[in-house]
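Student: Got a structure for you, written out below as structure tokens; questions coming shortly.
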Amino acid sequence: MFEGLDDQDVEDLASELQERRLPAGELLFDAGEAGDTMYIVAEGVVNIHLPGDPATRVSLADLTVGKYFGEVALFDDKPRSASAQAMTAVVLLELGRDVLTRYLERRPRAAMAILRTMADRLRQTNAMLSERAARNVIEEFEKGLSWADRLADRVAELNGSWSFILVLAGLTVGWILINVPGLMFEPAPDGYPYQFFNLLLAVLVALQGPLIVMSQNRQAAKDRKEAETDFKVNLKNEVNIETILKELREFRALAAGRRPPAPPAPRKKSKRDDSPESQQLDA
């Protein structure tokens, strides 16, 4: 957030930070609370999550050393949009709105650097939310492959097929028949123990090994991309479901407030009410 500032500005602002320590498991702030401070993680891990039951709540991010959070509270008076909890013993550097306001009054040029960095983060967030989380990762991954990568994948695919086994077995039998003394050539070009053929097989194995490993590495990278996409899809679905449930609770509360009171139930008439004494009392 402050990467656009020069060294002197950073030192002056750092001198205004307050250190805050939290034990593991303590809640720093909850969603919906008013806030006017941001925090920089100096030690430990802080979890940012949506409010809810600890067993089923939606975790948004685990912030480690060097990460910061709560910066929006420096510029508006709206409540916190998520909760922050210390996962381990943490040391936080706290920056308040009043401190930043006094600092920017002394150094107004620093405000442009901060706003420029925040605008970049806002653009990245908008781009992430506007794009579809579900996409064909395999197709996108394969578009970036070079001809050498595609060749390695084809070789690895061929080595794991019956076609390769049958071709290699036929080549071996043919080579043996060609080198039977007196059958086709006299003398045989590569008689038993077929040293030249063994050399060819050794070269083939030496080339196959690296190509197969290259293909396996790309498959592992492809699996990581798929897992990352699945995580984004699940996270986006959980956030959307949590938002829908919250709006549904608000709608139910609003509907219950607008519901007219139920009319009183009619009292059941008893035999005593039909008596002359009761009718005289009613009159």
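Student: Amide H of ALA61 versus every other amide H placed in the peptide plane: which residues, excluding those fewer than 5 positions away on the same chain, fall under 5 Å?
Tutor: Under 5 Å from the amide H of ALA61: ILE48.
Student: How about segment 25-91: which trypsin sites (Lys or Arg not before Pro) there are in a DSSP loop, with at most 16 other Cβ atoms within 10 Å of their Cβ?
Tutor: Of the trypsin sites (Lys or Arg not before Pro), the ones in loops of segment 25-91 whose Cβ has at most 16 other Cβ atoms within 10 Å are ARG57, LYS67.
Student: Order of TYR194, TYR103 from fewest to most other C-beta atoms within 10 Å?
Tutor: Listing TYR194, TYR103 from fewest to most nearby Cβ atoms yields TYR194, TYR103.
Student: Please turn the phi angles of segment 240-250 into ³J(HN,Hα) values with the Karplus equation 6.51 cos²θ - 1.76 cosθ + 1.60 (θ = phi - 60°), one per residue in order, whole Hz, x for glycine and proline.
Tutor: After applying 6.51 cos²θ - 1.76 cosθ + 1.60, I find 5, 5, 4, 5, 5, 5, 5, 5, 5, 5, 5 Hz.
Student: Would you work out if segment 137-257 is rounded, prolate or oblate? Take a ≥ b ≥ c from the square roots of the eigenvalues of the alpha-carbon gyration tensor; rounded if a/c is under 1.5, else prolate when a/b is larger than b/c, oblate otherwise.
Tutor: Here segment 137-257 falls in the prolate category.
Student: For an R0 of 45 angstrom, estimate the FRET efficiency from the Cβ-Cβ distance between ALA220 and LEU183 and round to the nearest 0.05.
Tutor: It comes to 0.40.
Student: May I ask you to evaluate 6.51 cos²θ - 1.76 cosθ + 1.60, the Karplus curve with θ = phi - 60°, for each residue of segment 161-168 and list the ³J(HN,Hα) values in order in whole Hz, giving x for glycine and proline?
Tutor: 10, 5, 4, 5, 5, 5, 5, 5
Student: What ranking do ASP223, ASP7, ASP12 get, fewest neighbouring Cβ atoms within 10 angstrom at the top?
Tutor: Starting with the residue having the fewest Cβ neighbours, the order is ASP7, ASP223, ASP12.
Student: Ranked highest first by average number of other Cβ atoms within 10 Å, how do 83-90, 32-39 line up?
Tutor: With the highest mean Cβ count within 10 Å placed first, the list reads 83-90, 32-39.
Student: Mind listing the phi-derived Karplus ³J(HN,Hα) values for segment 76-89, rounded to whole Hz, using 6.51, -1.76 and 1.60 with θ = phi - 60°, and x for any glycine or proline?
Tutor: Using θ = phi - 60°, the values come out as 9, 9, 7, x, 4, 8, 8, 9, 10, 9, 6, 7, 10, 5 Hz.
Student: Around LEU28, which amide H atoms from residues at least 5 apart in sequence, or from another chain, sit under 5 Å from its own amide H, with H modelled in the peptide plane?
Tutor: ALA84, GLN85, ALA86
Student: Full extension from ALA253 to ASN240: what is 0.36 nm times the residue separation minus their Cα-Cα distance, to one decimal in nm?
Tutor: My answer for the length gained is 2.7 nm.
Student: Search the structure for amide H atoms under 5 Å from the amide H of ALA188, placed 1.01 Å from N in the peptide plane, and list their residues when 5 or more places away or on another chain.
Tutor: Residues meeting the amide H criterion: GLY182.
Student: Using the Cβ atoms and a cut-off under 12 Å, what net charge is assigned to the surroundings of PRO79, where Lys and Arg are +1 and Asp and Glu are -1?
Tutor: Once all neighbours under 12 Å are counted, the net charge is -3.
Student: Return the FRET efficiency for the residue pair VAL58, ASN159: r is the Cβ-Cβ distance, R0 is 51 Å, and the value is rounded to the nearest 0.05.
Tutor: 0.70
Since every read-out is calculated from the coordinates, none of them should be taken as a lab result. All of these numbers come straight from a predicted model, not from anything done at the bench. Every residue, glycine among them, receives a Cβ derived from its backbone with ideal geometry; neighbour counts consider all protein chains shown.
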